[in-house]
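The values are calculated or read from the model by the stated rules, or taken from the named source; none is laboratory data. Since the model is a prediction, treat every value here as computed from it, not as a measurement. Note that we place each Cβ from the backbone using ideal geometry, even for glycine, and neighbour counts take in every protein chain shown.
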Amino acid sequence: MIEKPAGRAAALDLGRFIAALAVYGYHMLYLDVQVGRIPWASALGPIMSYGYLGVNFFFMLSGYVICRSAEGATRFEFARNRATRLYPAFVICGVLTSLMLIVAGHGVSPLRFVANMTFQAKALGFSFLDPVYWSLAAETLFYAAVFLIVIGPALRSRLRMVLVVWAVLAVLPIGGPAAILLNLKWAPYFGVGIALHLIQADRRGFDKGLFALYALLALYGAWSEAGTVGKQFDLRPAPLVAAVLVFAMAAILPWLSRVELSKRGYTVAFVLGGMSYPLYLLHNQFNRPLLIARWEHGLLAVLVENAGLMLLCYLVFKFEEKIRRSLRALDFARYRPGRRVETGA
């Protein structure tokens, strides 16, 4: 059983895993249903058409967890922690995805692979190895903003300044590369998590107002985004339902950040949370061709294939956990951080 560190919000790991499953369900049980690959699962289509919102919840979690982990950190510590958290599993899954693409007859040049390992392949003129990597591009832009603007003296005041400026920019008619660089489309979701961190840290009424503002911006963003999902299909997510679901996510986030789990519950949450990252990275471009070949063989074949995917995700998690710990153990003495609250970032 894994030892439970003080201060870790383990329930967020469960939320992360459920969000990854939702995105998986969206790709497998909505998109594939709509193109006629699995007619026997058509009853799940209306439900899983909202699975894409799992990514929106990822961004809420990141806003909360990343700002919490930035408290008391130097820029070196923050960058090291982000790199050791993201890269081991990303490289492993990137190699597996590349091999699957090559086997399927799609070439992967060394330059394209290297560009993808920066998380910003599209900005460098290359296509993503897997379309889901777009969210990692947005995520790492958020990390860069925290690294460049937020970390330093008066961190919480800087966070409030960022939230105020972001809210103004989010409602201005800014488009093109500037909107992408400023993460304007996803700002409401990151902002919900940031504001929650500020509320728990300082309990100021102003921060509660920011949380409410960003929850409303997220609601509006979800309403607008739903109109762009599944345009080519007859079955599409309803904007009102999408907005309600996102508002519910914002409402449940404070509870998830506070709920206490037993030691056994913590162990389960820790493992599932660790599996969520490789699950997100592998479920689509790597796993989808394997799964499509199983649809015609019925539910049992699909369940067996999914069990294999979960086992692979667990093995990737355990392997990258060892790599991450080894990398962090290489820290030089002069950079060694003091003991800080574990956040699960």
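Go through the range 149-161 and count every residue that is under 21 Å from Phe76 (Cβ atoms) and either more than 24 Å from the chain's Cα centre (by Cα) or without any contact (Cβ under 8 Å) to a residue 60 or more places away in the chain (or both).
6
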Check Ser42 against each of (1) among the hydroxyl-bearing types (Ser, Thr, Tyr); (2) under 29 Å from Ala187 (Cβ atoms); (3) at pLDDT below 95 and name the one condition it does not meet. (2)
For the range 117-133, which residues satisfy the criterion of being of a type in the set (S, T, N, Q) and under 17 Å from Ser98 (Cβ atoms)? Thr118, Ser127
Quick one: what pairs do we get from the range 72-101, first residue in contact (Cβ under 8 Å) with a residue 12 or more places away in the chain and within 16 Å of Leu315 (Cβ to Cβ), second surrounded by 18 or more Cβ atoms within 10 Å (Cβ to Cβ) and among the acidic types (Asp, Glu), C-beta under 8 Å, 6+ apart or different chains? Pro88/Glu320; Ala89/Glu320; Ile92/Glu320; Thr97/Asp130
Residues being in contact with a Lys or Arg (Cβ under 9 Å, 6 or more places away or on another chain) and not charged (D, E, K, R): count how many of those fall in the range 75-88. 4
I need the helices (runs of 4 or more DSSP H) fully contained in the range 262-345, keeping only those with at least 2 residues that are modelled with pLDDT of 80 or more and under 29 Å from Tyr30 (Cβ atoms). 263-282, 299-329
Quick check: is even one residue across the range 138-156 within 23 Å of Leu315 (Cβ to Cβ) and either at pLDDT below 95 or surrounded by fewer than 19 Cβ atoms within 10 Å (Cβ to Cβ) (or both)? no
Please go through the range 219-261 and give me each residue that is assigned to a loop (DSSP other than H, G, I, E, B) and of a type in the set (A, V, I, L, M, F, W, C), ordered by number. Val229, Phe233, Leu235, Ala238, Val259, Leu261
Determine if the range 283-294 includes at least one residue that is of a type in the set (S, T, N, Q), without any contact (Cβ under 8 Å) to a residue 60 or more places away in the chain, crowded, with 17+ Cβ neighbours inside 10 Å and more than 30 Å from Val171 (Cα to Cα). yes
When you go through Ser127, Ser98 one by one, which is the residue that is of a type in the set (Ser, Thr, Tyr) and either under 24 Å from Ile18 (Cβ atoms) or not in a helix (DSSP H, G or I) (or both)? Ser127
Right, Gly15: modelled with pLDDT of 85 or more and closer than 22 Å to Tyr143 by Cα or not? yes
